[in-house]
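The structure under discussion appears below in the form of structure tokens.
The values are calculated or read from the model by the stated rules, or taken from the named source; none is laboratory data. Computed from a predicted structure; not experimentally measured. Cβ sites come from the backbone with ideal geometry, for glycine too, and all protein chains shown count toward neighbours. To get the accessible areas, we keep the full protein, side chains included, count just its heavy atoms, and leave off ligands, DNA and RNA. Shrake-Rupley method; radii C 1.70, N 1.55, O 1.52, S 1.80 Å.
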Amino acid sequence: MSSANPVYPVIWHIDHVRLIDQTRLPNEYDMVEIRRYEDMAMAIETMIVRGAPAIGVAAAYGMYLGARDIKTEDRGEFLAQLERVAERLRSTRPTAVNLFWAIARMIKVAQQTLGPIAHLKQVLLETAQEINAEDIKTCQQIGDYGLSVLPNSPSKLRILTHCNAGALATAGYGTALGVVRSAWTAGRLERVYADETRPRLQGAKLTAWECVQEGIPVTVITDNMAAHCMKLGMIDLVVVGADRIAANGDAANKIGTYSLALVARAHNIPFYVAAPLSTIDFAIADGSQIPIEERNSDEVYQVGDTRLCPVGAEFYNPAFDVTPAYLIAAIITEYGAIAPANLKDELQSKQVV
């Protein structure tokens with residue numbers, strides 16, 4: 001695939017949703033058809049669809065699918081049943097705030113839309129499609145703003161990223177990889193270094209796959225090689241995504257991001273977070289209030305069907321960690337690249353919060 005034939009992980013097709021099954025990549029490219037909200041919830045939980053913006057888009061469609069199956073003409077009963085759909089979808093991934101943002105938007109539209117239930121359902125579908133389209137545009141804007149803050153030297157940059165914040169993690173184009181794509185198109189990119197991202201290997205499987213499809217030079221490294229590569233002068237900057245950003249700029253991203261930010265600071269390498277406005281949670285003051293999802297221990301002790309660790313050992317598997325704002329050079333949003341300390345003031349000045 002090229003930029004003219006981009007990756008779209010969440011697609012509305014006639015009367016159902018099609019998802020790229022990200023658990024099968026890179027060896028198999030397969031689409032999953034989702035027709036019920038329960039199946040969408042399961043797809044989010046099992047990471048068939050993953051990445052905060054993509055989860056938000058998927059949840060919006062899940063809300064419509066749930067609404068479509070509600071059999072009542074009573075408005076009050078419809079809204080009550082829709083809230084139960086929302087509760088199920090909210091339970092899938094606790095850290096990704098885009099999930100809650102998209103569900104809240106769908107609920108608000110349902111509450112504010114008057115007329116027959118059939119009309120209300122149609123408006124919910126249109127709203128989910130709007131969320132989908134808006135996210136693609138947002139990611140392209142993030143890429144353009146990211147390009148504007150890249151270091152002027154060297155002319156060809158070597159960018160390290162962690163996990164997958166690409167087209168697969170959004171409605172298309174990507175956040176961190178949106179910056180990479182814009183740099184590649186502008187002739188500013190020499191190479192991407194992709195942390196493999198233990199334990200689910202999203203960098204090795206997904207980020208590398210996206211880059212290969214578009215002919216972007218990519219080198220996969222294990223997570224514990226980052227400091228070594230920086231010491232050797234192989235990395236010019238780091239760009240990562242986020243699943244939730246607190247009001248003070250603390251950012252939750254895939255586990256291992258915090259240590260990467262510390263290593264970048266030690267080597268005087270700029271560290272950027274790329275994320276849409278919908279990822280910023282102004283309801284929480286700092287990162288200590290961000291809920292951290294803990295996933296099944298089998299992600300740690302085995303790869304595929306191969307067990308790596310002895311029976312009897314215990315395991316800890318937090319899916320995310322929080323990078324303090326002081327380690328982040330800027331948060332790149334669709335409204336510009338903003339220093340974490342100025343996040344709320346600048347977005348308020350732009351009248352977007």
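Per-structure values
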quantity	calculated
Residue under evaluation residue 46, criteria (1) of a type in the set (Val, Ile, Thr); (2) over 20 Å from residue 293 (Cα atoms); (3) surrounded by fewer than 21 Cβ atoms within 10 Å (Cβ to Cβ), criterion not met	(2)
Residue, farthest from residue 95 (Cα to Cα), within the stretch 241-268, restricted to residues that are open to solvent by less than 20 Å² (accessible area, probe 1.4 Å) and either without any contact (Cβ under 8 Å) to a residue 40 or more places away in the chain or part of a helix (DSSP H, G or I) (or both)	264
Meets criteria (in contact (Cβ under 8 Å) with a residue 40 or more places away in the chain, over 20 Å from residue 147 (Cα atoms) and either of a type in the set (Phe, Trp, Tyr) or in contact with a strand residue (DSSP E or B) (Cβ under 6 Å, 6 or more places away or on another chain) (or both)) for residue 331	no
When residues of the stretch 106-122 are limited to those that are in a helix (DSSP H, G or I) and open to solvent by 50 Å² or more (accessible area, probe 1.4 Å), the one nearest to residue 70 (Cα to Cα)	118
Matching residues in the stretch 73-87 - criterion: being open to solvent by 70 Å² or more (accessible area, probe 1.4 Å) and not acidic (Asp, Glu)	75, 84
Scan of the stretch 187-229 for residues that are among the aliphatic types (A, V, I, L, M) and in contact with a helix residue (DSSP H, G or I) (Cβ under 6 Å, 6 or more places away or on another chain), ordered by number	189, 192, 194, 206, 216, 218, 220, 226, 227
Failed item in (1) open to solvent by 30 Å² or more (accessible area, probe 1.4 Å); (2) in contact with a helix residue (DSSP H, G or I) (Cβ under 7 Å, 6 or more places away or on another chain); (3) assigned to a loop (DSSP other than H, G, I, E, B); (4) not polar (S, T, N, Q), with residue 70 passing the rest	(1)
Qualifying strands (runs of 3 or more DSSP E) (wholly inside the stretch 149-240; at least 3 residues being over 15 Å from the mean Cα position of the chain (by Cα), among the basic types (Lys, Arg) and surrounded by 24 or more Cβ atoms within 10 Å (Cβ to Cβ))	none
Residue list for the stretch 269-321, restricted to those being aromatic (Phe, Trp, Tyr), touching a strand residue (DSSP E or B) at 6+ places or on another chain (Cβ under 9 Å) and assigned to a loop (DSSP other than H, G, I, E, B)	282, 316
Test: residue in the stretch 222-236 that is in contact with a Gly (Cβ under 7 Å, 6 or more places away or on another chain) and either closer than 24 Å to residue 45 by Cα or not basic (Lys, Arg) (or both)	yes
Residues of the stretch 322-343 satisfying the condition of being in a helix (DSSP H, G or I) and under 21 Å from the mean Cα position of the chain (by Cα)	325, 327, 340, 343
Of all residues in the stretch 3-55 being hydroxyl-bearing (Ser, Thr, Tyr) and over 16 Å from the mean Cα position of the chain (by Cα), the one that is modelled with the lowest pLDDT	3
Of all residues making up the stretch 128-142, the number that are more than 22 Å from residue 185 (Cβ to Cβ) and either in contact with a Pro (Cβ under 9 Å, 6 or more places away or on another chain) or open to solvent by 10 Å² or more (accessible area, probe 1.4 Å) (or both)	3
Where a residue in the stretch 300-314 is surrounded by 12 or more Cβ atoms within 10 Å (Cβ to Cβ) and its partner, wherever it lies, is assigned to a strand (DSSP E or B), with Cβ under 8 Å and at least six apart	301/307; 309/302
